């Protein structure tokens, strides 16, 4: 049986965390485990996570970051810790469960089919799907997604959905081995890192990646994303253009520095 570890970044999630839903999906999938990353929360999130871990200590782990470093760093640190274990698949999922946990089984089934290394959740409004998203967020998201596709030179519909899974492969240590240059748009930077690293070896990312249209997704009350974040996203886009296009050789050296030094430890953010 192939095992899966899902990283769940958490920042001040005490009021929105739903322990019962996590425990329910663990009962349904014996190969699944969760790694919750407390990103310096100032409420009782850490206590809630410890209580959840105590209910399933063999399959729930908690990584506590003492100071708030942002979602990008929380995910990065979580993925690095997760791939130290024997899991076949690893991924990350938003703590508010805008994407239901039941979709994990669908992602795993795609990876099980062979020929696919990465599955990205995609919020596409199709007949038979339930995608509940505020109109203004949808349209701003479409503009950003178009810009991201142009930057990456990759036909990707939704870079920002908080549900992604990967086969546990050596390239993950390179992709997540160094801190991201951006925070809110780190998903785009992550994809860009895969592109740069796989281009070195002649691999074709587009043939081993799948965007999976979600059956269900909903804006959750209390979301921390607002208009200011989209403005930050525009600024971060310029940062990514510099690193991924204008100075890509220097950026690739940044990603592969640990290869030359032989040091695979997690650098400080």
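Just so it is clear, none of the values below were taken in a lab; they were calculated from the coordinates. Predicted, not measured: the structure shown is a model, and the values here were computed from it. When we count neighbours, we look across all protein chains shown, and the Cβ atoms used for this are built from the backbone with ideal geometry, even at glycine.
General observations
- Of the residues making up the range 83-107, those that are farther than 30 Å from residue 139 by Cα, in contact (Cβ under 8 Å) with a residue 12 or more places away in the chain and surrounded by fewer than 22 Cβ atoms within 10 Å (Cβ to Cβ) are 83, 85, 86, 87, 88.
- Answer from 42, 53 - the residue that is under 22 Å from residue 77 (Cα atoms) and without any contact (Cβ under 8 Å) to a residue 24 or more places away in the chain: 53
- Among the residues of the range 67-82, the one identified as surrounded by fewer than 19 Cβ atoms within 10 Å (Cβ to Cβ), touching a residue at least 40 places away in the same chain (Cβ under 8 Å) and not in a helix (DSSP H, G or I) is 68.
One line per residue, one yes/no per condition, for (1) under 20 Å from the mean Cα position of the chain (by Cα); (2) closer than 29 Å to residue 101 by Cα:
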| site | (1), (2) |
| --- | --- |
| 157 | yes, yes |
| 168 | yes, yes |
| 173 | yes, yes |
| 179 | yes, yes |
| 191 | yes, yes |
| 198 | yes, no |
| 214 | yes, yes |
| 245 | no, no |
| 252 | no, no |
